[in-house]
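The structure under discussion appears below in the form of structure tokens.
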């Protein structure tokens, strides 16, 4: 379960965030001032921090400096919604900035989006009878090695890192081939077809109509 630290001194907002994210199956801890947030950051590891800027005891800006040195993703949630405030927070290393008041649906979407972007995939991933070792770039199916070209593995890696997300052909092509996409659908489509056949993933690598492809992995 992913762990989220919420540092918010407004009890009503803090409790709303806590209840919302707990209902979404995140493990949350609510710190009600900067000092409590500082102690939580120094004593435990977090997957994400939601940080208010105007905090008693230790300011959010001071905490932001600590959070970025630790390397934890952070979303600022603040009533300071002037452009200069947002620019300052983002320049100091915040990954996103949400202005109060906010809709809980937007909050959840921003949290999910950032956690997807910053997630560290496992070095080894097992899907059905396919064993993928990302570090060594090797793939086994039913215990037997699968020969993938460099581009086939890069494409597989991109699909895994963005699993369950519909990816455009343009994004896939430019991520793997590192050049502008000029409508080279045959090149991409042929690689997708070979991956499906080699891995037996005809059902898992799905075609998304008018968009591209998605690696569908049930949660």
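From the list 108, 74, 104, 139, pick out the single residue that is more than 25 Å from residue 10 (Cβ to Cβ) and either touching a strand residue (DSSP E or B) at 6+ places or on another chain (Cβ under 8 Å) or modelled with pLDDT of 90 or more (or both).
Numbers: 108 fails: more than 25 Å from residue 10 (Cβ to Cβ); 74 fails: more than 25 Å from residue 10 (Cβ to Cβ); 104 fails: more than 25 Å from residue 10 (Cβ to Cβ).
Sole residue among the options that is more than 25 Å from residue 10 (Cβ to Cβ) and either touching a strand residue (DSSP E or B) at 6+ places or on another chain (Cβ under 8 Å) or modelled with pLDDT of 90 or more (or both): 139.
Being closer than 16 Å to residue 4 by Cβ and crowded, with 19+ Cβ neighbours inside 10 Å narrows it down to one residue among 55, 41; which is it? Steps first, please.
On the way: 55 fails: closer than 16 Å to residue 4 by Cβ.
Sole residue among the options that is closer than 16 Å to residue 4 by Cβ and crowded, with 19+ Cβ neighbours inside 10 Å: 41.
Quick one: which residue in 211, 205, 127 is in contact (Cβ under 8 Å) with a residue 12 or more places away in the chain, within 30 Å of residue 24 (Cβ to Cβ) and out of contact with any strand residue (DSSP E or B) (no Cβ under 8 Å at 6 or more places or on another chain)?
Result: 127 is the single residue among 211, 205, 127 that is in contact (Cβ under 8 Å) with a residue 12 or more places away in the chain, within 30 Å of residue 24 (Cβ to Cβ) and out of contact with any strand residue (DSSP E or B) (no Cβ under 8 Å at 6 or more places or on another chain).
Take the residues in segment 77-93 that are at pLDDT below 90 and buried (at least 17 other Cβ atoms within 10 Å of the Cβ); name whichever of them is nearest to residue 31 (Cα to Cα).
Step one: filter segment 77-93 for residues at pLDDT below 90, giving 78-93.
Among the residues that remain, those that are also buried (at least 17 other Cβ atoms within 10 Å of the Cβ) are: 78, 80, 86, 88-89.
On the way: 78: 15, 80: 19, 86: 22, 88: 23, 89: 20 Å.
So the residue we want is 78.
Give the number of residues within segment 24-41 that are in contact with a helix residue (DSSP H, G or I) (Cβ under 9 Å, 6 or more places away or on another chain) and without any contact (Cβ under 8 Å) to a residue 24 or more places away in the chain.
Residues meeting the conditions: 0.
Please verify whether segment 87-104 includes one or more residues that are under 16 Å from the mean Cα position of the chain (by Cα), assigned to a helix (DSSP H, G or I), under 30 Å from residue 52 (Cβ atoms) and in contact (Cβ under 8 Å) with a residue 60 or more places away in the chain.
Taking segment 87-104 and keeping what is under 16 Å from the mean Cα position of the chain (by Cα), we get 94-97.
Checking which are assigned to a helix (DSSP H, G or I) leaves us with none.
Within segment 87-104, not a single residue is under 16 Å from the mean Cα position of the chain (by Cα), assigned to a helix (DSSP H, G or I), under 30 Å from residue 52 (Cβ atoms) and in contact (Cβ under 8 Å) with a residue 60 or more places away in the chain.
Pull out all pairs, ordered by first then second residue, where Cβ-Cβ is under 7 Å, the residues are six or more apart or on different chains, the first lies in segment 172-199 and is in the same structural domain as residue 146 (by TED's automatic domain parsing), and the second is exposed (fewer than 12 other Cβ atoms within 10 Å of the Cβ).
Correct list of pairs: 174/180; 196/202.
Within segment 1-45, take every residue that is under 23 Å from residue 86 (Cα atoms) and in a loop (DSSP other than H, G, I, E, B) and give me the one that is nearest to the chain's Cα centre (by Cα).
8
Considering only segment 55-64, I want to know if a residue exists there that is within 23 Å of the chain's Cα centre (by Cα) and free of Cβ contacts under 8 Å to residues at least 12 places away in the same chain.
Checking segment 55-64: not a single residue is within 23 Å of the chain's Cα centre (by Cα) and free of Cβ contacts under 8 Å to residues at least 12 places away in the same chain.
Tell me whether segment 65-75 contains one or more residues that are surrounded by 13 or more Cβ atoms within 10 Å (Cβ to Cβ) and more than 20 Å from residue 118 (Cα to Cα).
So far as segment 65-75 goes, no, none of its residues is surrounded by 13 or more Cβ atoms within 10 Å (Cβ to Cβ) and more than 20 Å from residue 118 (Cα to Cα).
The values are calculated or read from the model by the stated rules, or taken from the named source; none is laboratory data. Worth saying up front: this structure is predicted, and the values here are computed from it rather than measured. A quick note on method: Cβ atoms are made from the backbone with ideal geometry, for glycine too, and the neighbour counts reach across all protein chains shown.
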